[in-house]
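Chemist: Sending over a structure as structure tokens; questions will come in a sec.
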Ligand SMILES: Cc1cc2nc3c(=O)[nH]c(=O)nc-3n(C[C@H](O)[C@H](O)[C@H](O)COP(=O)(O)OP(=O)(O)OC[C@H]3O[C@@H](n4cnc5c(N)ncnc54)[C@H](O)[C@@H]3O)c2cc1C
Ligand SMILES: Nc1ncnc2c1ncn2[C@@H]1O[C@H](COP(=O)(O)O)[C@@H](O)[C@H]1O
């Protein structure tokens, strides 16, 4: 049994979601190989080689792989797939984009977003916005799997000493051209790996209010900032702040929901947080049904008071 | 340009799903069903391209039980021109759906297929990418903006770190994210008009593709319940709790 893990990275650092995928791969049993496909990505390959439990790193360095274009990456992975029983990627935007393309080419029904690997070879995966956990078993000889980032521990980033082998694939498919990216640089912890998250909803009413009320609290707590869909749709904060069924899945130590009602689509993304705190002026808001500590208050009074007292 | 839009009939997003007591699945009897929200966004985008004169024809297609016809009618009322209903006994898995859609795409030869990024029932997020793979086409997934740029399609994608723009050669597959547009409500006259628009009915067997399931669902269960905690009286109590948890000094 052997597993190929597709690394998610930005050509300089190995994403922490990859460490989670490595843990899931280890649970599947057998050797774990990590594929680092990128451009100028030697540092990532070196980092992957140090991850505990990784037996081998395959490194494909080519301009075609620099931006994770699925049309280029998928044929590379298909070419390598023969040697592995499982092909695993984190359920990040990279994994979600590329893996079904690989699966279809190999005639495999992908298993998306797994949260558990059971002893009988079955997998648990959330469906219906996390309201129904399906336990599924596949009859496909090979498995293509994406792994939910909050469901397994991160593999130790140090302690391994895997060999790094250069590999190459068909390169540029010529189908799709990368034009540009707008990636926000932030001093804050990354949303999906932060231990504290302060999230704001529609009640914030503007981007300025996010800066005025949410940011200072997040600064005090060293927290990442998240948001509901309503706050993102209204343009208060960028799209990558959205927590939920169709946004980011998070499970920090502490999640503070401010002016968020708690729709099932939002809960789907944060209800595995260890402690949930909600501030909402409506005592009947559904968020209080999942909150460990709820404060019924106007956020425009409560949040500045909270920030000043911390 | 001709655009194909696959639309799925799913549980309405406002309904909280109930698990059947025998753990065989979610109880959909007498539950409000609607078009998958991401597919509404896909139909809206296609109709806007038609209204802008970029597209000539918009075809909606749904695979599922006979009642999926209602979902097609919704798409027709929003402005699609005609529908294709593929009746199946059981809902195929994403790979099976993609195989049927690949056949329909070969027959219809659209320049663009716009799908939702994810069906809100199975939450798979697979069909669009699989269809692109089977056809060997370009893919622009999780789109928040779509523009024609000469013979290319410029797609802005919502990715983990922010946004990314790709130029796709056509024909192409695009999957929608929430910010692509705000779908319209169909007006009453358009709902009436949609009743006269043609729907071509087929069965899965007509396509001669293997859609037998690969996954066996052993059980469907409720996630562990989170108990509601306590309502704290004031900010000071909250501060004390945060200190207890060690997240505040
Ligand atoms: C296909 C689909 C996918 C979706 N995916 C997601 C997703 O991934 N993530 C997500 O979040 N949503 C998602 N949604 C949207 C979801 O259904 C809700 O519409 C959204 O979460 C509501 O955001 P909100 O709680 O900020 O706004 P609202 O529901 O409007 O709630 C605002 C809350 O603020 C409170 N409030 C108002 N003023 C104050 C004040 N001064 N002080 C304190 N409290 C105040 C109100 O009492 C209310 O509870 C999705 C919807 C669909 C259809
Ligand atoms: N039964 C179906 N009929 C038509 N389109 C579908 C069907 N299932 C999935 N799709 C399309 O594929 C998208 C992604 O679905 P999924 O991969 O199942 O999350 C949906 O948003 C639809 O556009």
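The values are calculated or read from the model by the stated rules, or taken from the named source; none is laboratory data. Bear in mind the structure is a predicted one, so any value in this text is a computation, not a measurement. Reconstructed Cβ throughout: ideal geometry from the backbone, glycine too, with neighbour counts over all protein chains shown.
Chemist: Condition check: under 28 Å from residue A:106 (Cα atoms), in contact (Cβ under 8 Å) with a residue 12 or more places away in the chain and more than 16 Å from ligand 1 (Cβ to nearest atom). Does residue B:101 satisfy that?
Modeler: yes
Chemist: Which residues, taken from the range A:137-161, are assigned to a loop (DSSP other than H, G, I, E, B) and either buried (at least 19 other Cβ atoms within 10 Å of the Cβ) or not assigned by TED's automatic domain parsing to the domain that holds residue A:7 (or both)?
Modeler: Once the filter is applied, which keeps residues that are assigned to a loop (DSSP other than H, G, I, E, B) and either buried (at least 19 other Cβ atoms within 10 Å of the Cβ) or not assigned by TED's automatic domain parsing to the domain that holds residue A:7 (or both), the range A:137-161 yields A:148, A:149, A:150, A:151, A:152, A:155, A:160.
Chemist: In addition: Applying the selection to the range B:124-149, what residues are in a strand (DSSP E or B) and more than 7 Å from chain A (Cβ to nearest Cβ)?
Modeler: Across the range B:124-149, the qualifying residues are B:140, B:143, B:145, B:146, B:147, B:148, B:149.
Chemist: Sticking with this structure for a sec: Can you find, within the range A:104-126, the residue that is surrounded by the most Cβ atoms within 10 Å (Cβ to Cβ) among those that are facing chain B (nearest Cβ under 7 Å) and over 17 Å from the mean Cα position of the chain (by Cα)?
Modeler: Only one residue fits best here, namely A:110.
Chemist: Which residue is nearest to the other protein chains (Cβ to nearest Cβ), if the candidates are limited to the range A:247-272 and must be surrounded by fewer than 24 Cβ atoms within 10 Å (Cβ to Cβ) and near ligand 1 (Cβ under 6 Å from one of its atoms)?
Modeler: The residue in question is A:265.
Chemist: Working carefully through the options B:168, B:188, find the one that is without any contact (Cβ under 8 Å) to a residue 60 or more places away in the chain and either surrounded by 19 or more Cβ atoms within 10 Å (Cβ to Cβ) or within 7 Å of chain A (Cβ to nearest Cβ) (or both).
Modeler: Step by step, each of B:168, B:188 is checked, and only B:168 is without any contact (Cβ under 8 Å) to a residue 60 or more places away in the chain and either surrounded by 19 or more Cβ atoms within 10 Å (Cβ to Cβ) or within 7 Å of chain A (Cβ to nearest Cβ) (or both).
Chemist: Give just the number: which of (1) buried (at least 19 other Cβ atoms within 10 Å of the Cβ); (2) more than 16 Å from ligand 1 (Cβ to nearest atom); (3) farther than 24 Å from residue A:232 by Cα does residue B:151 not satisfy?
Modeler: Residue B:151 satisfies every listed condition except (1).
Chemist: Taking the range A:286-310 as the search range and keeping residues that are touching a residue at least 24 places away in the same chain (Cβ under 8 Å) and buried (at least 21 other Cβ atoms within 10 Å of the Cβ), which one is farthest from ligand 2 (Cβ to nearest atom)?
Modeler: Looking at residues that are touching a residue at least 24 places away in the same chain (Cβ under 8 Å) and buried (at least 21 other Cβ atoms within 10 Å of the Cβ), I get A:306.
Chemist: Additional query: Here is a list: B:240, B:205. Which entry is out of contact with any strand residue (DSSP E or B) (no Cβ under 7 Å at 6 or more places or on another chain), surrounded by 12 or more Cβ atoms within 10 Å (Cβ to Cβ), more than 8 Å from every other protein chain (Cβ to nearest Cβ) and without any contact (Cβ under 8 Å) to a residue 40 or more places away in the chain?
Modeler: B:240
Chemist: Now for a different question. Give me the strands (runs of 3 or more DSSP E) completely within the range A:162-250, filtered to those with at least 3 residues that are over 23 Å from the mean Cα position of the chain (by Cα), ordered by residue number.
Modeler: Because the criterion is at least 3 residues that are over 23 Å from the mean Cα position of the chain (by Cα), the strands (runs of 3 or more DSSP E) in the range A:162-250 that meet it are A:163-166, A:176-183.
Chemist: Considering only the range B:30-47, I want to know if a residue exists there that is over 29 Å from residue A:267 (Cβ atoms) and either in contact with a helix residue (DSSP H, G or I) (Cβ under 7 Å, 6 or more places away or on another chain) or more than 15 Å from ligand 2 (Cβ to nearest atom) (or both).
Modeler: Yes, some residue in the range B:30-47 is over 29 Å from residue A:267 (Cβ atoms) and either in contact with a helix residue (DSSP H, G or I) (Cβ under 7 Å, 6 or more places away or on another chain) or more than 15 Å from ligand 2 (Cβ to nearest atom) (or both).
Chemist: What's the number of the only condition in (1) assigned to a loop (DSSP other than H, G, I, E, B); (2) crowded, with 24+ Cβ neighbours inside 10 Å; (3) more than 13 Å from chain A (Cβ to nearest Cβ) that residue B:118 fails to meet?
Modeler: Unmet for residue B:118, out of (1) assigned to a loop (DSSP other than H, G, I, E, B); (2) crowded, with 24+ Cβ neighbours inside 10 Å; (3) more than 13 Å from chain A (Cβ to nearest Cβ): (3).
Chemist: How many of the residues in the range A:168-181 are surrounded by fewer than 16 Cβ atoms within 10 Å (Cβ to Cβ) and away from chain B (no Cβ under 14 Å)?
Modeler: 2
Chemist: Also: Can you work out which of the residues in the range A:278-299 that are more than 7 Å from chain B (Cβ to nearest Cβ) and within 15 Å of residue A:198 (Cβ to Cβ) is farthest from ligand 1 (Cβ to nearest atom)?
Modeler: A:278
Chemist: Could you pull out the residue among B:120, B:97, B:104 that is in contact with a helix residue (DSSP H, G or I) (Cβ under 6 Å, 6 or more places away or on another chain), within 12 Å of ligand 2 (Cβ to nearest atom) and at pLDDT 95 or above?
Modeler: That would be B:97, the only listed residue that is in contact with a helix residue (DSSP H, G or I) (Cβ under 6 Å, 6 or more places away or on another chain), within 12 Å of ligand 2 (Cβ to nearest atom) and at pLDDT 95 or above.
Chemist: Right, another one. Filter the range B:5-63 for residues that are assigned to a strand (DSSP E or B) and within 11 Å of another protein chain (Cβ to nearest Cβ) and give the result.
Modeler: B:10, B:11, B:19, B:26
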